[in-house]
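Derivation of every value follows stated rules applied to the coordinates shown; laboratory data play no part. The structure displayed is predicted, hence computed values, not measured ones. Cβ placement follows ideal geometry from the backbone for every residue including glycine, while neighbour counts extend to all protein chains displayed.
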Amino acid sequence: MSDRIEKSIFREYDIRGIFEKELNETSVKLIGYYLGQKIGGDKVVSIGYDARSHSPILRDYLTSGLNAAGCKVLDMGMVATPVNYYSNYIDFDGITTDASIMITGSHNPSEYNGFKVTVDQSPFFGADIYALRDEILAHQERIIEDNTAKTDIDVKTPYINFMVKEFDHLKNFPQKIVIDAGNGVADTVITDIFDALHFNYTGLYLEPDGTFPNHHPDPSVEKNLVDVKAALEKDGDIAFAYDGDADRIAVLTHKHNIKGDQMALLYAMKMQNPTVIGEVKCSQVMYDELERRGAKAIMYKTGHSNLKVKMKETGADLACEVSGHIFFKNRYFGYDDAIYATLRMLELIHDGIDLDKEIDALPTVFSTEEIKVETTEEEKFAIIDKVKELLVNPPEDFPKILNIIDVDGVRINFEKGWGLVRASNTTPVLVTRFESTDEALAKEYESKVNALITRAKSLL
């Protein structure tokens, strides 16, 4: 059997790899074919793609595979990921989609690309992706002929119209807005929406360019925000930055870089006793504050697919990740959309909420940045299991443990904070994060837990 198809491209939440090396004609045609079979051969599949130069090439390979499986392919062209998701909720001249596939490398370097798959308005991930992988690996000699037959569709116009109608009350919003699209695909729609609503805005790096010539399109990394912060400082009241496919957002005021869990607190202010889901990396402040305000707070696994599924299961109004994925079911469809999140944030300001004042009023905690511990795909989950074993009888000098949450890795609650160790679902690393009401304690938690990780590794 040939070794053409890399097992590693099939990840927990999506399919991802380097163009030509891992995502090539052979692998992508097979992905299209077997995915088409899993969706159901006579089904309608809509495809969109991001700004990378190789995205249309992958679209053609994927289309050939889907056609071979008997699917009808609708092509929406270059769009933002939320626009791709939106295609699952509307009809096109009486045709509705059974599935959508977004071709995007998101915030990864320009040589990467991948597929985010939605089937029956739900994410296709985890066990489904791994079953698809096994099917493809077992049949990788299958030859798929070229067949790029597809029907062009316009999703951007109905998406823009929806946003303009939904936020008509924001017309002539007075504050000066700065946006940084990072040469991703946010501006396939966002300035059309802003112009229709007569917003006063400045745009940076709006032109889609998959080489990302100005900065890397990951708004969770501070160095990528230098230019948008400078523009905000010079002539702006509020700023927003987006990742490569516009499903993640950064919100910046003159005082704060508002993280995803803080955004959730702000959005929840305008909801009546909402249910809000956060990931295990969210601050304890968010969970405590939500409960104090009468909301129901649920802690769950990291990952956009996990959170969307949990939202459906619980009927939650809102979900968030620290990195800036914000999911609205309240007045929306339950998926992560940075453009919609922008408009909801402007709506809060319009309704008289002072963002800085609200953030300043929150209890002060000290959080470490996300720390990555290099390991291997084979070892990362085994280390987590060993850490759990060691926590049953921790070292004498280990901080007092109140309880342990193991919904995703290990979140250890201490008297004045917490520590998290989880295995990344996308890379061969452990991810750790620590938080405390006392800065020195946060560092101590970090030191003690890291020593435990080292011990766990030595026992494998």
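Spacing of the modelled spin labels on residue 314 and residue 437, each 7 Å from Cα toward Cβ, amounts to 2.4 nm. Given +1 at the Cβ of Lys and Arg, -1 at the Cβ of Asp and Glu and no other charges, the dipole of the stretch 233-357 around its Cα centre is 420 debye to the nearest 20.
Test of understanding: extend the Cα→C-beta vector of residue 128 to 7 Å, then name every residue of the stretch 77-113 with backbone N under 14 Å from that spot. Counting backbone N atoms under 14 Å from the label point, the list is 85, 88, 98-102.
About its Cα centre, the stretch 384-460 has a charge dipole of approximately 220 debye under the convention of +1 per Lys or Arg Cβ and -1 per Asp or Glu Cβ, with nothing else charged. Please name whichever of 236, 121, 169 sits farthest to the positive end of the charge dipole of the chain, dipole taken about the Cα centre and charges placed at Cβ: Lys and Arg +1, Asp and Glu -1. With unit charges placed on the Cβ atoms, the residue in question is 121.
At a 10 Å Cβ-Cβ cut-off, how would you order 422, 331, fewest neighbours first? Don't jump to the answer; show the numbers that get you there.
Values: 422 24, 331 12.
Neighbour counts put them in this order, fewest first: 331, 422.
With a Förster radius of 45 Å applied to the C-beta separation of residue 455 and residue 162, the computed FRET efficiency comes to 0.25.
Label separation (residue 385 vs residue 111): 3.4 nm, computed from points 7 Å beyond Cα along the C-beta direction. Please state the shape class of the stretch 7-153: rounded when a/c is under 1.5, otherwise prolate if a/b exceeds b/c and oblate if not, all from the C-alpha gyration tensor. It is rounded, given that a/c, with a ≥ b ≥ c, falls under 1.5. Per-peptide packing, taken as the mean over residues of other Cβ atoms within 10 Å, places 137-146, 50-59 in the sequence 50-59, 137-146 from highest down. The simple Förster model, with R0 at 60 Å and r as the Cβ-Cβ distance, assigns residue 447 and residue 198 a FRET efficiency of 0.65. Per the Debye formula on identical point scatterers at the alpha carbon atoms of the stretch 366-458, with no solvent, log10 I(q)/I(0) at q = 0.18 Å⁻¹ is -0.74.
Label point of residue 362 set 7 angstrom out along Cα-Cβ; within the stretch 243-266, amide nitrogens under 20 Å from it belong to 243, 248-266.
Take the alpha carbon gyration tensor of the stretch 120-172, find the square roots of its eigenvalues, order them as a ≥ b ≥ c, and report rounded if a/c is under 1.5; if not, report prolate when a/b exceeds b/c, else oblate. Display every interim value, and only then the final one.
Working: a/c = 6.26, a/b = 2.11, b/c = 2.96.
Since a/c reaches 1.5 but b/c is at least a/b, the shape of the stretch 120-172 is classed as oblate.
Run the dipole for the chain about the Cα centre, Lys and Arg Cβ at +1, Asp and Glu Cβ at -1, nothing else charged, and hand back the magnitude in debye, nearest 20. Write out the running numbers ahead of the final one.
On the way: 51 positive and 75 negative charges, 167 e Å.
About 800 debye.
Tell me, in nm to one decimal, what length is gained between residue 191 and residue 353 on full extension, where the rule is 0.36 nm per residue of separation less the Cα-Cα distance? Spell out each step's value before the answer.
Values: separation 162, 0.36 × 162 = 58.32 nm, distance 2.42 nm.
Result for the pair: 55.9 nm of gain on full extension.
Could you tell me which of 226, 184, 107 has its Cα farthest along the dipole of the chain towards the positive end, charges placed at Cβ (Lys, Arg +1; Asp, Glu -1), taken about the Cα centre? Ranked along the dipole, the leading option is 107. Summarising the amide proton neighbourhood of residue 40: residues at separation of 5 or more, or on other chains, whose placed amide H is nearer than 5 Å comprise an empty set. Over the chain, dividing the summed -39,500 (n - 2.57) contributions of all DSSP H runs of at least 4 residues by the number of residues returns a 222 nm mean residue ellipticity of -10500 deg cm²/dmol. Annotation: the antiparallel percentage among DSSP beta bridges lying fully within the chain is about 60.
For the pair residue 393 and residue 333, label points projected 7 Å from Cα toward Cβ lie 5.5 nm apart. Farthest towards the positive end of the charge dipole of the chain, among the residues 68, 436, 253, is the Cα of 436, using unit charges on the Cβ of Lys, Arg, Asp and Glu. Expressed in nm to one decimal, what extension gain is obtained for the pair residue 405 and residue 6 from 0.36 nm per residue of sequence separation less their Cα-Cα distance? Roughly 140.2 nm would be gained on extension. Extension gain for residue 296-residue 273 works out to 7.6 nm (0.36 nm per residue, less the C-alpha to C-alpha distance). Sort the chain into rounded, prolate or oblate with this rule: let a ≥ b ≥ c be the square roots of the eigenvalues of the Cα gyration tensor; rounded if a/c is under 1.5, and if a/c is not under 1.5, prolate when a/b is larger than b/c, oblate otherwise. Taking the square roots of the gyration eigenvalues as a ≥ b ≥ c, the chain is oblate. Please identify which residues in the stretch 71-85 have an amide N closer than 14 Å to a label point set 7 Å out from the Cα of residue 95, following the Cα→Cβ vector. Answer for this model: 71-77.
Cβ under 12 Å from residue 329's Cβ, residue 329 left aside: what net charge do those residues give with Lys, Arg +1 and Asp, Glu -1? The partial results should precede the final answer.
Numbers: positive: 308, 310, 312, 331; negative: 313, 317, 336, 337.
Neighbourhood net charge equals 0.
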